[in-house]
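Just below is one structure, and these are the notes that go with it.
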Amino acid sequence: MEVKVWRGGAEGGRFQSFEVPRQPSQTVLDVVTYVQRHLDPTLSYRFACRVGMCGSCAMTVNGTPRWTCRTHVDKVVANDVLEVAPLANLPVVKDLVADMRAFFDKWARAKGEFKPTATKRDAFAIVKPGSAQRQEADAGIECIGCGVCYAACDVVAWNRDYLGPAALNRAWTLVNDVRDGARRARLEAVAGDAGCHSCHTLMSCTELCPKALSPTRSIAGLKRATALAAFSRSEEAQ
Amino acid sequence: MSARLQTRLWVAQRATAVVLAVCVLVHLVTIVYAVRGGLSAAEILGRTRGNVAWAAFYVVFVVAIVIHGVIGLRTIAAEWLRFHGPAAEATLIGIALALGAMGLRAVVAVFA
């Protein structure tokens, strides 16, 4: 099969073609690894676990962002051609390696860290697994930060300030965490043009999330919560 | 523009969408109903002139269109034309005023 691999850096690049033998149950990561081990050792790419746990091997495969380790060549190859490029919507470091800083900086901007309200002298919080809030948090909690949703999102492409599906999904899990004490500040951080209200509900994030999460659902929850907060009298005084 | 105001614009666009859903339906049904006996200016004006209820309905319609449409234009200007900030906001307020003036002028012409 012909494999077109993006080569280059931040200033630009081009696709380079390689001929790679097909194998049964071959993944796209296997193909990229074959190119580096047997055809061109200068090829840069990123991976760690190879089994869909770490979220570091996401790339653009035939135009679609995917985990390369969990994508079988059989499912994506088109006319015996495979095209592998770095994740979209992020700067390129080199070849297939995208610079993830903007992606994770936006988690911080969305106040994606847990702010505890209890101290070590307090008893453990009791959170009922069946409670509505915990179920909302659980629905989004399995995100491993691979960046597939961010690369798939058209709003990120149009609006560089937009926080993106993963950061907003993370914020929604914390908004629903009853132990968290930063709800108000977080809702302010995720509101408006850079936040949840720019989402056009295109649902590329939800369609392509390898963990089958629905950032769209989380963002819809944030839209409701922030809209209520923007009209609430008590928060007006803040 | 603060995130709070941006959020309120978002809510305003959704709220006016609900108003428009009703207004457009009433408007279209009325058109179909009103032209049964042929379409003439005299017939339409005879039905609309001095009708306060219909005038109020169309004032609401025009206001909802201005709010809904201009907030939508704001998003299109920012995302497709990269036109945002104070200059964009001034332009959009100008478009809103022009759209509102034209709409209300039409309401006055038909109902006054």
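Let me know the shape class of the range A:1-61, please: from the alpha-carbon gyration tensor, a ≥ b ≥ c as square roots of the eigenvalues, rounded when a/c is under 1.5, otherwise prolate if a/b is greater than b/c, or oblate.
Working: a/c = 1.87, a/b = 1.13, b/c = 1.65.
Note, shape of the range A:1-61 comes out oblate.
Under 30 Å between alpha carbons, and skipping anything fewer than 8 positions from A:Lys111 in its own chain: which lysines qualify?
Excluding near neighbours in sequence, the set is A:Lys94, A:Lys120, A:Lys128, A:Lys211, A:Lys223.
If you rank A:Phe103, A:Phe18 by fewest surrounding Cβ atoms within 10 Å, what's the result? Intermediate results must be reported in sequence, preceding the final value.
Working: A:Phe103 23, A:Phe18 19.
Taking fewest neighbouring Cβ atoms as first place, the list is A:Phe18, A:Phe103.
With charges only on Cβ, +1 for K and R and -1 for D and E, what is the dipole size of chain A about its Cα centre, in debye, rounded to 20?
Values: 31 positive and 25 negative charges, 157 e Å.
Using Cβ point charges on Lys, Arg, Asp and Glu, chain A gives about 760 debye.
Can you bin the range A:146-216 into rounded, prolate or oblate? Criterion: square roots of the alpha carbon gyration tensor eigenvalues sorted a ≥ b ≥ c, rounded for a/c under 1.5, prolate for a/b above b/c, oblate for the rest.
Details: a/c = 2.47, a/b = 1.36, b/c = 1.81.
Oblate, because a/c is 1.5 or more while a/b does not exceed b/c.
Would you list A:Asp80, A:Asp177, A:Asp30 from fewest to most Cβ contacts within 10 Å? Write down the numbers at each step before the final one.
Working: A:Asp80 9, A:Asp177 21, A:Asp30 17.
Ascending Cβ contact count within 10 Å gives the list A:Asp80, A:Asp30, A:Asp177.
Please get the size of the charge dipole for chain B, origin at its Cα centre, with Cβ charges of +1 on Lys and Arg and -1 on Asp and Glu, quoted in debye to the nearest 20.
Numbers: 9 positive and 3 negative charges, 25 e Å.
Dipole of chain B, to the nearest 20 debye: 120 debye.
Would you list, by chain and number, the aspartates and glutamates whose Cα falls below 16 Å from the Cα of A:Lys106, excluding same-chain residues fewer than 8 positions away?
A:Asp161, A:Glu188, A:Asp193
If you place +1 on the Cβ of every Lys and Arg and -1 on the Cβ of every Asp and Glu, how big does the dipole about the Cα centre of the range A:122-238 come out, in debye to the nearest 20?
On the way: 13 positive and 13 negative charges, 40 e Å.
Dipole size: approximately 200 debye.
Given the C-alpha centroids of the range A:76-129 and the range A:155-182, what is the distance between them in whole angstrom?
Each part's Cα centre sits 11 Å from the other's.
For the range A:21-56 and the range B:64-81, what is the centre-to-centre distance using only Cα atoms, to the nearest Å?
Result: 45 Å between the Cα centres.
Report the local net charge at A:Phe114: Lys and Arg +1, Asp and Glu -1, summed over other residues whose C-beta lies under 13 Å from its C-beta. The partial results should precede the final answer.
Numbers: positive: A:Lys111, A:Lys115, A:Arg170, A:Arg179, A:Arg183, A:Arg186; negative: A:Glu113, A:Asp177, A:Asp180.
That works out to +3.
Using a 10 Å cut-off around each Cβ, can you sort A:Ser214, A:Ser25 from fewest to most neighbouring Cβ atoms? Provide the component values of the computation, followed by the final result.
Working: A:Ser214 17, A:Ser25 8.
Arranged by neighbour count, lowest to highest, A:Ser214, A:Ser25 become A:Ser25, A:Ser214.
Taking the dipole about the Cα centre of chain A, with the C-beta of Lys and Arg at +1 and of Asp and Glu at -1, give me whichever of A:Thr216, A:Pro116, A:Gly52 is farthest to the positive side.
Checked the options; the winner is A:Pro116.
Values in this text are rule-based calculations from the coordinates and carry no lab data. In this text, all values refer to a predicted model and were calculated from it rather than measured experimentally. Note that we place each Cβ from the backbone using ideal geometry, even for glycine, and neighbour counts take in every protein chain shown.
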